[in-house]
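Data block below; observations after.
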Amino acid sequence: MSGEFGEFHDELRTVARDLLGKTGADGVDWPLLVRAGWTGLEVPEEYEGTAATFTEVAILLEEIGRAAARTAYPSVAAGVGALSALEPDARRDTVLRETVAGTTIPVAVLGGDMVPAAGGETACAGTGGIVPTFLLTETIEGFRLSGSADFVPDAPVATTLLIPARAPGGSVRLVFVEPGAGGLRIAERQVVDATRSLGRVEAHEVSVAAESIRPFRSDIRDGLRVLYDRAALAVACDSLGIAASMLDATVEYARVRTQFDRPIGSFQAVKHACADMFVELTIARRLVSGALAADGTADRSRAVSAAKSFTGEAGVRIAGKAMQLHGGIGYTWESGIHRYLKRATLNRALFGAPADHRRVLADRYRAG
């Protein structure tokens, strides 16, 4: 994630690490994060943003994973991506400005149990397109929204929901819905990772104003696929941060922990284990960088599937190995390593398990 902006990226990473280092068990202080400019990082200057790219956002996402931080920022980053994919209008522009100011938390309602090619109502179709799980209908009284999505990251804390839905005529639209709308229900989901919040979003004949139904930009062929790829890549960035943190912690522990009057890092088995972790982390970083470079190209989805499948598994393997090499303390609250393992385990499943993404890759190679 460096390239020609390497120096700037290093500085951004350092600042992010310092800010997240002040995080307590209750999570990142949202006003502090807003003042640091995170919510406006990718937003164009005309909306008070700083007009950076998703590559810079990805650095923050990796650092959040490295800190195993509790924050809605990854979902807001996805929400900004969804807003940026829409045709400009007064409603969209207002939400963008409020997001930069930190007064709105927009969340794109994408089910975390979506998989890339297995079929089913919450999955992408076998053709590579994605099937919306919400439906818009038009009556003489106006538009109605119905449907559901499960394991939606940060849905319980959203102030604006951006719900993709199939509109009359078959096109896909993004619908702005307030969490308190009549007929809308958000139920928190309990998951293995206690550092994050996920929820099930259900809409039953929710009344929607016409101006709240927005089309994707004309230059975007499959808007829902773009949102899904971004969500999957954001999770891969989080896993990358987890893996980097666990390798650093393990190497440091192996350097100071002694057995038989020798640092355990001097033992061949420990050296090999750390070397394996380093190799996996290096491959994962290369794949994530490749997926970021492919953003906006026809190869984007393939690159995201490669990054998500490998990094999702690597994060779990590296965190698991870190726990083993920390011996007895790896399981304790004192070490905190179990928090990383649980977070990596959730990441592995969110927006497609490794097997799902590898199936996509295999299908594309079979298709030539």
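Annotations
- Any hit, the range 44-61, residues being under 19 Å from the mean Cα position of the chain (by Cα), crowded, with 17+ Cβ neighbours inside 10 Å and free of Cβ contacts under 8 Å to residues at least 12 places away in the same chain: yes
- All positions within the range 281-324 that are among the β-branched types (Val, Ile, Thr) and either closer than 23 Å to Tyr340 by Cβ or within 17 Å of the chain's Cα centre (by Cα) (or both): Thr282, Ile283, Val288, Val304, Thr311, Val316, Ile318
- Screening Val43 with (1) under 19 Å from Leu346 (Cβ atoms); (2) outside any helix (DSSP H, G or I); (3) of a type outside the set (Phe, Trp, Tyr) gives one miss only, at (1).
- Count of residues meeting criterion [of a type in the set (Gly, Ala, Ser) and free of Cβ contacts under 8 Å to residues at least 60 places away in the same chain] in the range 300-326: 4
- Total residues in the range 62-89 satisfying the condition of being open to solvent by 30 Å² or more (accessible area, probe 1.4 Å) and either free of Cβ contacts under 8 Å to residues at least 60 places away in the same chain or under 30 Å from Trp333 (Cα atoms) (or both): the figure is 6.
- One residue from Ala58, Ala72 being under 20 Å from Tyr228 (Cβ atoms) and touching a strand residue (DSSP E or B) at 6+ places or on another chain (Cβ under 8 Å): Ala72
- Qualifying residue in the range 323-332 (condition: buried (at least 19 other Cβ atoms within 10 Å of the Cβ) and assigned to a loop (DSSP other than H, G, I, E, B)): yes
- Among the conditions (1) under 28 Å from Pro156 (Cβ atoms); (2) at pLDDT below 95; (3) not acidic (Asp, Glu), the only one that Gly241 does not satisfy is (2).
- Residues being in contact (Cβ under 8 Å) with a residue 40 or more places away in the chain and not basic (Lys, Arg) - total across the range 224-267: 27
- Some residue of the range 253-260 being under 30 Å from Ser84 (Cβ atoms) and surrounded by fewer than 18 Cβ atoms within 10 Å (Cβ to Cβ): no
- Pair list, Cβ under 7 Å, 6 or more apart: the range 278-299 residue farther than 10 Å from Cys237 by Cβ, other residue open to solvent by 70 Å² or more (accessible area, probe 1.4 Å) and in a helix (DSSP H, G or I): Glu280/Arg317
- Test for Ile283: is it open to solvent by less than 40 Å² (accessible area, probe 1.4 Å) and part of a helix (DSSP H, G or I): no
- Residue count, the range 59-111 (criterion: under 14 Å from Leu162 (Cβ atoms), of a type in the set (Ser, Thr, Tyr) and in a helix (DSSP H, G or I)): 4
The values are calculated or read from the model by the stated rules, or taken from the named source; none is laboratory data. Since this is a predicted model, take the numbers as computed values, not measurements. All Cβ positions, even for glycine, are placed from backbone atoms using ideal geometry, and neighbour counts span all protein chains on display. Ligands, DNA and RNA are excluded from the accessible area calculation, which covers all protein heavy atoms including side chains. Shrake-Rupley method; radii C 1.70, N 1.55, O 1.52, S 1.80 Å.
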